[in-house]
Amino acid sequence: MTIYLSDAGKRFNRDWIFRHFTYTFEAGTSYAITGPNGSGKSTLLQSLSGGMMLSEGTVQYSINNTAYSIENIYKQVSICAPYLEVIEEMTLREFLDFHHGFKPFLTGIETNNIIALLGLEKAENKQIRYYSSGMKQRVKLAQCIFSDTAIVLLDEPCTNLDADGIALYHRLITAYCKDRLVVVSSNDEVEYQFCKEKINMGNYKNSPTLI
């Protein structure tokens, strides 16, 4: 999967979040999106996902040099972000089985494997609403990383994780994201230290207001 952004910009009302962003994201490479609060890190991530339309410029997707429609890009995207919630009325097993129903897991991965890898076997039949914030974050990471998608988007992925949770995050990235297109939005180096490319969104905020 390759994503091409050409002269991309996004504004809300009269305020430009970012402008004149031209970049190519390619599979097998991991990218860190950094920058001050309000610089557009999360906005760019949502634009890459196809979930938010650009105000100017274009975004294009291709697989093996063949164009892939933006209408269907959701099939190739998984995302983990603080503003996305899991279904707390479900147990972990119910939630993973439900998620698998509309976005298949990676080849060879089943619900039992995921629960074991997360270290949540003792809590698998407990409703997620009773989980700690760190346990919920592990679930969010699982539904993102184990989905069989070409694009993995991670917004502040270590939110609420302790040292063991952060170590788990890095193990999952190493084991399951090697050949995928990974984009991490964060200002915490521990979350993106593995990324090969770094993009500072502060460099794309040179037109703060719409004239």
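The values are calculated or read from the model by the stated rules, or taken from the named source; none is laboratory data. The model shown is predicted, which means the values in this text are computed figures rather than measured ones. Cβ placement follows ideal geometry from the backbone for every residue including glycine, while neighbour counts extend to all protein chains displayed.
Some observations on this one:
- All of (1) surrounded by fewer than 20 Cβ atoms within 10 Å (Cβ to Cβ); (2) under 13 Å from the mean Cα position of the chain (by Cα); (3) under 21 Å from GLU121 (Cβ atoms) hold for ASP164 with one exception: (2).
- Members of the range 196-211 that are among the β-branched types (Val, Ile, Thr) and either modelled with pLDDT under 95 or part of a loop (DSSP other than H, G, I, E, B) (or both): THR209, ILE211
- Candidates PHE18, PHE102, PHE95, PHE25, filtered to the one that is exposed (fewer than 14 other Cβ atoms within 10 Å of the Cβ) and among the aromatic types (Phe, Trp, Tyr): PHE102
- Subset of the range 109-120 [closer than 27 Å to TYR192 by Cβ, part of a helix (DSSP H, G or I) and of a type outside the set (A, V, I, L, M, F, W, C)]: ASN113
- Scanning the range 147-200 for residues that are in contact (Cβ under 8 Å) with a residue 60 or more places away in the chain, within 22 Å of TYR61 (Cβ to Cβ) and in contact with a Pro (Cβ under 7 Å, 6 or more places away or on another chain) yields a total of 2.
- Within the range 75-85, the set of residues being within 23 Å of HIS170 (Cβ to Cβ) and either among the polar types (S, T, N, Q) or buried (at least 19 other Cβ atoms within 10 Å of the Cβ) (or both) comprises VAL77, SER78, ILE79, CYS80, ALA81.
- Residue selected from the range 1-15 under the condition of a type outside the set (Val, Ile, Thr) and closer than 21 Å to TYR61 by Cα, by the criterion surrounded by the fewest Cβ atoms within 10 Å (Cβ to Cβ): ASP7
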